[in-house]
Amino acid sequence: MRLHHALAIGIAGVLVLGGCSAGARPADTALIEPQAFSGTVTVDAVMGHLDQFGKIAAANGNTRSTETPGYDASVDYVANLLEDNGFDVETPEFAFSSFDPGTELLTSSDGVDFPVRALTYSTSTGPDGITARVVSVPADETPGCEASDYDGLDAAGAIVLVTRGVCQFGAKQTIAADQGAAALLVVNNEDAMLGGGTLGDPDIARIPTGGISLSSGQQLASEGGDVTLRLDTVTTTTRSRNVIAQTKTGSSSDVVMVGAHLDSVPEGPGINDNGSGSAAILETALQLGSSPDITNAVRFAFWGAEELGLVGSTEYVAGLSPEEQAAIALYLNFDMLGSPNPGYLVYDGDNSDGLGEGPGPEGSAGIERTFVDYLGGRGIPAEGTDFDGRSDYGPFIEIGIPAGGVFSGAEELKTVEQALKWGGEPGVSFDPNYHTALDNLDNIDRDALAANSAAVAFAVATYAQDIGGLNGVPVGEARTLARTR
């Protein structure tokens, strides 16, 4: 197997490949038809890539997490296939903080042990741990996300319990630290361990922070008293790689960027999260080819260290010059496409749902309509899902690049209304195997994967041909204006 190493700057920024300018196409060139192209990305082919990711994980401790041989083998698998199909491929390195949770213990004053897991980048309690009283923050619509949630509570020196949800874990930790808490325990919204959580950035880590199950949180809140928390964590600096490949045709001034994270959590092989997204965009790239008849260049990105806080995509975006940022017309993100109790969710570009973080940058509403219309044409009524910052679109929308994508759901519970609409089990997570060792090939829903993979291909082909129109994104001076508002 060929080994891939970081290359000099090139695709990681904006490739200048001699592609034609937007609209400057020979009259006799046949454009790819999006609906027909969507049928070329078959579920069997995508499952074939997932099978390979599963075999890679099985040969490497049942994981493909960043910093492991399983991740390196995943990089080589993707890069080799793209190279064999004519793409120029780079695997640029980036530095990031590596986290070792060390010892994880939580014990009540009467000697009862509760399972606990350190959130990535949590500071250490030290080897002796912290003993302090428990203070529970009342659950509301924004649990632990606002300083006012602590009104009437004496959190100084306490180990604070707060329910997960709405805002990021790092924000909950910062607010608890501002209140003088000695440590924070984030309580899951279901009776399972809160696994794979991260504070997002070691620079904001101020107090030891762990995750516990719903039942543990309820018991600790009802009993009160002192508990001892030991999270003997260590954070160090290390390096990983992204995989970047761009078509040799199409305008390099109007790049359609398509991304999925390639890494898994340490606890499992990550076949749905996010082998499914990686496999779908990989097969889309292979079917598109390195030199297709398209108007706009397509750049495929397979991100590293997403599970450690969107590190690969964040470092990529941070390394772009203003000109390179401006050349990216839109970003399409695909993270979890084959959940076993699937939803059919589309990022809510126009904030029509009125939930969470608000609309995406100008043009995101059109991207949402592209996916909703495509799935609707297959008889699948889609719902919106919030741009909550939990996947790799985050760094792109922060700099004004319109974004969108499809998503089959993670740990959230499927509602009765959603089960009536899509089938499946109400009151059960979209993916009960999320961030566990059971996120494997046996627990992929083929129908969801088929529909979502075809949606990936349709959207890529659509915007590779035309980024304007009713469902388009800003171009030229309109793009510049939109991103300076």
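Between residue 148 and residue 218, the FRET efficiency from the beta-carbon distance, with R0 = 30 Å, is close to 0.80.
What's the magnitude of the charge dipole for segment 256-366 around its Cα centre, counting Lys and Arg as +1 and Asp and Glu as -1 at the beta-carbon? Answer in Debye, nearest 20.
Dipole magnitude for segment 256-366 comes out near 280 debye.
Bridgeable lysines around residue 172 (alpha carbons under 28 Å apart, same-chain partners fewer than 8 residues away excluded): 414.
So, for the chain, what is the accessible surface per residue at a probe of 1.4 Å, expressed in square angstrom? Don't skip to the end; give the middle numbers.
Working: 18120 Å² over 485 residues.
With the other protein chains kept in place, the chain gives 37 Å² per residue.
Set the Förster distance to 51 Å, then compute FRET efficiency between residue 36 and residue 95 from the Cβ-Cβ distance, nearest 0.05.
Working: r = 43 Å, r/R0 = 0.84.
Plugging the Cβ-Cβ distance into 1/(1 + (r/R0)^6) gives 0.75.
When Rg and the Kirkwood Rh are both derived from Cα coordinates, the Rg/Rh ratio for segment 223-340 amounts to 1.13. Using θ = phi - 60° in the Karplus curve 6.51 cos²θ - 1.76 cosθ + 1.60, the 3J(HN,Hα) couplings for segment 449-455 round to 4, 5, 5, 6, 5, 5, 5 Hz; x is entered for Gly and Pro.
Please give the length that would be gained between residue 477 and residue 178 if that part of the chain were fully extended, namely 0.36 nm times their separation in residues minus their C-alpha to C-alpha distance (nm, one decimal).
Numbers: separation 299, 0.36 × 299 = 107.64 nm, distance 4.31 nm.
Fully extending the segment from residue 477 to residue 178 adds 103.3 nm.
Computed over segment 60-152, relative contact order equals 11 percent, with contacts defined as Cα pairs under 8 Å that lie 6+ residues apart.
Counting only protein heavy atoms and using a 1.4 Å probe, what share of the accessible area of segment 259-320 belongs to carbon plus sulfur, as a whole percent?
Numbers: 430 of 980 Å².
Reported share for carbon and sulfur atoms: 44 percent.
How large is log10 of I(q)/I(0) for the chain at q = 0.09, 0.12, 0.13 Å⁻¹ when the intensity is taken from the Debye formula with one equal scatterer per alpha-carbon? Here log10 of I(q) over I(0) equals -0.59, -1.04, -1.20. How large, in percent, is the carbon and sulfur part of the accessible surface of segment 389-485 at a probe radius of 1.4 Å? Carbon and sulfur together cover 56 percent of it.
Positive end of the dipole of the chain, charges at C-beta (+1 Lys, Arg; -1 Asp, Glu), about the Cα centre: which of 413, 60, 235 has its Cα farthest in that direction? Comparing the listed Cα positions along the dipole, 60 ranks first. Under a 5 Å amide H cut-off, with hydrogens placed 1.01 Å from N, residue 160 pairs with 135, 182, 183, 184, 185 among residues at least 5 apart or on other chains. Could you work out how far the C-alpha centroid of segment 399-469 sits from that of segment 324-343, in angstrom? A separation of 10 Å, based on Cα centres. Summing Lys and Arg as +1 and Asp and Glu as -1 over all other residues whose Cβ lies under 14 Å from the Cβ of residue 105 gives a net charge of -2. Between the amide H of residue 144 and any residue lying 5 or more places away or on another chain, no distance stays under 5 Å, with hydrogens modeled in the peptide plane. Each semi-axis of the equivalent ellipsoid for segment 409-485 is √(5λ) with λ an eigenvalue of the Cα gyration tensor; in descending order they amount to 35, 16, 14 Å.
Residues of segment 322-348 falling in the label zone of residue 485, defined by backbone nitrogen less than 20 Å from a point 7 Å along Cα to beta-carbon, are 325-332, 347-348. In the chain, the calculated helix contribution to ellipticity at 222 nm averages -8500 deg cm²/dmol per residue, counting -39,500 (n - 2.57) for every DSSP H run with n ≥ 4.
With the charge dipole of segment 376-459 set up from +1 on Lys and Arg Cβ and -1 on Asp and Glu Cβ about the Cα centre, the Cα lying farthest toward the positive end among the listed residues 423, 436, 397 is that of 423.
Which FRET efficiency, nearest 0.05, do residue 85 and residue 318 yield, Cβ-Cβ r, R0 25 Å?
0.25
When segment 279-393 is described by a simple charge dipole with +1 on each Lys and Arg Cβ and -1 on each Asp and Glu Cβ, the residue from 287, 349, 326 located farthest towards its positive end is 287.
The values are calculated or read from the model by the stated rules, or taken from the named source; none is laboratory data. These numbers were taken from a predicted model, which means no experiment stands behind them. So basically every Cβ, Gly included, is an ideal-geometry build from the backbone, and we count neighbours across all protein chains shown. Side chains included, ligands, DNA and RNA excluded: accessible areas come from the protein's heavy atoms. Shrake-Rupley method; radii C 1.70, N 1.55, O 1.52, S 1.80 Å.
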